[in-house]
Amino acid sequence: VRVRHGVWADAAAWQALAPWGRYLVRVHAVGLLRPDAVFCRESAAALWGQPIFGEPRDIHRFDGGAARSHRVGDVVRHASIAPPRVVEAGGLLLTAPADTAVALMRALRPAWGLAAVDATISERQLGLCTIAEVRDALSLQVDRRHRRRCVWALDHADPRSERVGESVSRAVISWLGV
């Protein structure tokens, strides 16, 4: 199966992968072809092991030199006034866990954003950073879009969370006033 131009995968192995597994393979394929790529949003989340939902359509890269975000095929290159912190993990460049969690809280549905931040701070799941580090990453954001959604998720985040379903359920229970 052709994953990207010049990158192929065994067809049986590809079919056996869950949607998020196929997405992770696609992200790694871009990393093979573009070793200088800085992955962000769902792409960085997949690399960190943070929850993603289904198989995202786009591969997300941060481009510090771009004046505005743009798409080429299934790769979206994001621009930003305030660049995220970038770290190297597994030979790839990606946004730091706290910055990735903030980007997910801003881009995803609120319950999914809560699940992303819970997984990021939960020692039972990933334990990549603390809630304070995620709050700090949010405070560094110049763009105020979806700030209330992020504050809501941070106010409801729980490092004791054990599973994504628990986080999503907790969000729904909160909305229902139970």
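The values are calculated or read from the model by the stated rules, or taken from the named source; none is laboratory data. This is a predicted model, so every value here is computed, not measured. Here the Cβ is made from the backbone with ideal geometry for all residues, glycine too, and neighbour counts use every protein chain on show. In case anyone asks, the SASA skips ligands and DNA or RNA and just uses the protein heavy atoms, side chains included. Shrake-Rupley method; radii C 1.70, N 1.55, O 1.52, S 1.80 Å.
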Treating only Lys and Arg (+1) and Asp and Glu (-1) as charged, each at its beta carbon, one finds that the chain has a dipole about its Cα centre, in Debye to the nearest 20, of 600 debye
Here the residues of the stretch 18-34 lying in the modelled label zone of H5, meaning backbone nitrogen under 13 Å from a point 7 Å along Cα-to-Cβ, are 33-34
The percentage of the accessible area of the stretch 1-126 (probe 1.4 Å, all protein chains present) made up of carbon and sulfur atoms, to the nearest whole number, is 55 percent
With Cα coordinates, the longest principal axis of the chain makes an angle with the long axis of helix 97-107, in degrees rounded to 10, of 80 degrees
Per-residue accessible area, 1.4 Å probe, largest first, puts R61, R160, R77 in the order R160, R77, R61
Scalar couplings 3J(HN,Hα) for the stretch 59-65 by Karplus 6.51 cos²θ - 1.76 cosθ + 1.60 (θ = phi - 60°), nearest whole Hz, x for Gly and Pro, are 8, 10, 10, 8, 10, x, x
When the charge dipole of the stretch 80-178 is computed with +1 on Lys and Arg Cβ and -1 on Asp and Glu Cβ about the Cα centre, the Cα farthest towards its positive end, among S167, L154, V142, belongs to V142
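If you take the beta carbon distance between S80 and E123 as r and set R0 to 35 Å, what does 1/(1 + (r/R0)^6) give as a FRET efficiency, to the nearest 0.05?
0.75
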Counting sequence-distant residues (5 or more places) and residues on other chains, those with an amide H built under 5 Å from that of V86 are A96
Between the Cα axis of helix 110-121 and the main Cα principal axis of the chain, the angle (0 to 90°, nearest 10) is 80 degrees
Length gained, L32-T130, 0.36 nm per residue minus C-alpha separation, equals 32.2 nm
Expressed in nanometres to one decimal, the distance between label points 7 Å along Cα→Cβ at A67 and L17 is 3.6 nm
Relative to the chain, whose Cα atoms define the longest principal axis, helix 164-175 and its Cα axis are tilted in degrees, nearest 10, by 40 degrees
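After finding the eigenvalues of the alpha carbon gyration tensor for the stretch 117-176, what semi-axes result from the square roots of 5 times each, listed largest first in whole Å?
So the three semi-axes of the stretch 117-176 are 20, 16, 7 Å.
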Rounded to the nearest 10 Å², the 1.4 Å probe accessible area of V30 is 10 Å²
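Write down the accessible area per residue of the chain in Å², having rolled a 1.4 Å probe over the full set of protein chains.
It amounts to 53 Å² per residue over the chain.
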Of the convex hull enclosing the alpha-carbon atoms of the stretch 72-163, the direction-averaged projected area in nm² is 6.6 nm²
Rounded to whole angstroms and listed largest first, the alpha-carbon spread of the chain along its three principal axes comes to 51, 39, 25
With every protein chain kept in place and a 1.4 Å probe, the residues H78, H156 fall, from largest accessible area down, as H156, H78
For the stretch 1-123, the charge dipole (Cβ of Lys, Arg +1; Cβ of Asp, Glu -1; about the Cα centre) points to a positive end, and the Cα of A16, G64, G90 closest to that extreme belongs to G64
